[in-house]
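Peer 1: One structure is given below, represented as structure tokens, and several questions about it will come after.
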Amino acid sequence: MTVAYISHSDCGRHDTGWGHPEHVGRLRAIPRALREDADLFHALEHIEGRHATPDEIALAHDRAYIDRIRGMAESGGGRLDADTVVSEGSWDAATAGAGCVLDGVDMAFDGRALRSFSAVRPPGHHALANRGMGFCLFGNVALAAHYARQRHGIARVLIVDWDVHHGNGTQALVEREPDIRFVSMHQWPWYPGTGAAEDRGPHRTIWNVPMPASAPRARYVDAWTRAIDAATDGWMPELLLVSTGFDSLQGDPLGAFTLEVEDFVAMTRDLVARSVAWCGGRVVSALEGGYAPDRMAAAAVAHLKAMI
Ligand SMILES: [Zn+2]
């Protein structure tokens, strides 16, 4: 069973500054942790991803917004909002981040690697069609869903998002497509303020699971499992995409969920088993949040191991 670990050195060129929670050290922590598990390190297919093209990014984003990000980076950078930085390297980083996930999709369909985890930044699940926010520039996972449909001739895609924040961007970028379903579990009330359970999208293809802070771990896992059951009742996806935000770990500075590394192992194993029944085991996973770098890296490594 080939599992790919996909990354791109340009993701480190998105320079938010060390005072920003979404700093480059997050990404460096993952290969560091991976090297401590020699068996896993050698079992993985290590892939340097590619850059997504502007045409690919336009599958979900407005051309004017894409041009704006490129222009801002070329002219030295700036800020989209108080939290969301564009640096000189951010265009290369954001297109690499999206491109890695698109590579994961290609590998899942051409048989090179049925499953993959893309260690990328900036994250993507808050990015809207015409506006970046919440540290995110382009919707990496939403783009992967549209790309898979266009490039690989499939229709039904399930996206699941266990980041502690609502994937408002992913929802906005996919909710008008009735064949893409989205499950997001998130702390409530919390940033960005969207993601009520009643918000099912225009085709009722969105399953938002707002949860209180500091609940017992098992409550989150139960709610997550039930939402995925509901989203796939009588409906089988042809591809499973996972927005792996590890800020839902206990102790994360930007969230107050109580999940432990072993919960991500169990949730990953469950997703893999479901994907085998649904779609030949195709799982394409990509990093979103996670702001305690060593904890996040431990969870990412455990997630990779569980995918094998
Ligand atoms: Zn988050």
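The values are calculated or read from the model by the stated rules, or taken from the named source; none is laboratory data. Owing to the predicted nature of the structure, the values given are computational and were not obtained by experimental measurement. When we count neighbours, we look across all protein chains shown, and the Cβ atoms used for this are built from the backbone with ideal geometry, even at glycine. Heavy atoms of the whole protein, side chains included, go into the accessibility calculation; ligands, DNA and RNA do not. Shrake-Rupley method; radii C 1.70, N 1.55, O 1.52, S 1.80 Å.
Peer 1: Can you tell me which of (1) among the hydroxyl-bearing types (Ser, Thr, Tyr); (2) within 16 Å of the ligand (Cβ to nearest atom); (3) more than 26 Å from Gly99 (Cβ to Cβ) is the one Ser214 doesn't meet?
Peer 2: (2)
Peer 1: Now a separate question. Consider segment 228-250. How many of its residues are within 16 Å of the ligand (Cβ to nearest atom) and either part of a helix (DSSP H, G or I) or within 16 Å of Ala142 (Cβ to Cβ) (or both)?
Peer 2: At the first step, the residues of segment 228-250 found to be within 16 Å of the ligand (Cβ to nearest atom) are 242-250.
Checking the rest, the ones that are also either part of a helix (DSSP H, G or I) or within 16 Å of Ala142 (Cβ to Cβ) (or both) come to 242-248.
Final tally of qualifying residues: 7.
Peer 1: Need pairs with beta-carbon distance below 6 Å; first residue closer than 10 Å to Val86 by Cα and within segment 62-75, second open to solvent by 100 Å² or more (accessible area, probe 1.4 Å) and at pLDDT 95 or above; sequence gap 6+ or separate chains.
Peer 2: Ala73/Glu88
Every residue, every condition in (1) touching a residue at least 60 places away in the same chain (Cβ under 8 Å); (2) open to solvent by 10 Å² or more (accessible area, probe 1.4 Å); (3) under 14 Å from the mean Cα position of the chain (by Cα), yes or no:
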position: Trp224; (1), (2), (3): yes, no, no
position: Thr232; (1), (2), (3): yes, yes, no
position: Pro237; (1), (2), (3): yes, no, no
position: Leu240; (1), (2), (3): yes, no, yes
position: Phe257; (1), (2), (3): yes, no, no
position: Val261; (1), (2), (3): no, yes, no
position: Gly281; (1), (2), (3): yes, no, no
position: Glu288; (1), (2), (3): yes, no, yes
position: Arg295; (1), (2), (3): no, yes, no
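Peer 1: Restricting to strands (runs of 3 or more DSSP E) lying wholly in segment 47-128: which have 1 or more residues that are in contact with a Lys or Arg (Cβ under 9 Å, 6 or more places away or on another chain) and open to solvent by less than 10 Å² (accessible area, probe 1.4 Å)? Reasoning before the result, please.
Peer 2: Numbers: elements: 77-79, 85-87, 115-118.
Correct list: 85-87.
Peer 1: Then there is this: Mind checking whether some residue in segment 106-116 is touching a His at 6+ places or on another chain (Cβ under 9 Å), away from the ligand (no atom under 14 Å from the Cβ) and closer than 21 Å to Trp188 by Cβ?
Peer 2: No - not one qualifying residue is present in segment 106-116.
Peer 1: Hey, another quick one. Quick one: which residue in Ala119, Ala113, Ala127, Ala142 is in contact with a helix residue (DSSP H, G or I) (Cβ under 8 Å, 6 or more places away or on another chain) and farther than 30 Å from Ala213 by Cβ? If you could, list the steps in order and put the result at the bottom.
Peer 2: Values: Ala119 fails: farther than 30 Å from Ala213 by Cβ; Ala127 fails: farther than 30 Å from Ala213 by Cβ; Ala142 fails: farther than 30 Å from Ala213 by Cβ.
Exactly one of Ala119, Ala113, Ala127, Ala142 is in contact with a helix residue (DSSP H, G or I) (Cβ under 8 Å, 6 or more places away or on another chain) and farther than 30 Å from Ala213 by Cβ, namely Ala113.
Residues checked against (1) in contact with a Leu (Cβ under 6 Å, 6 or more places away or on another chain); (2) more than 16 Å from the ligand (Cβ to nearest atom); (3) under 20 Å from Gly111 (Cβ atoms):
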site: Asp252; (1), (2), (3): no, no, no
site: Val283; (1), (2), (3): yes, yes, yes
site: Gly289; (1), (2), (3): no, no, no
site: Ala298; (1), (2), (3): no, yes, no
site: Met307; (1), (2), (3): no, yes, yes
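Peer 1: Only one of Gly153, Gly201, Gly132 is open to solvent by 50 Å² or more (accessible area, probe 1.4 Å), among the small types (Gly, Ala, Ser) and over 24 Å from Phe264 (Cα atoms). Can you tell me which? Let's see the steps before the verdict.
Peer 2: Numbers: Gly201 fails: open to solvent by 50 Å² or more (accessible area, probe 1.4 Å); Gly132 fails: open to solvent by 50 Å² or more (accessible area, probe 1.4 Å).
Step by step, each of Gly153, Gly201, Gly132 is checked, and only Gly153 is open to solvent by 50 Å² or more (accessible area, probe 1.4 Å), among the small types (Gly, Ala, Ser) and over 24 Å from Phe264 (Cα atoms).
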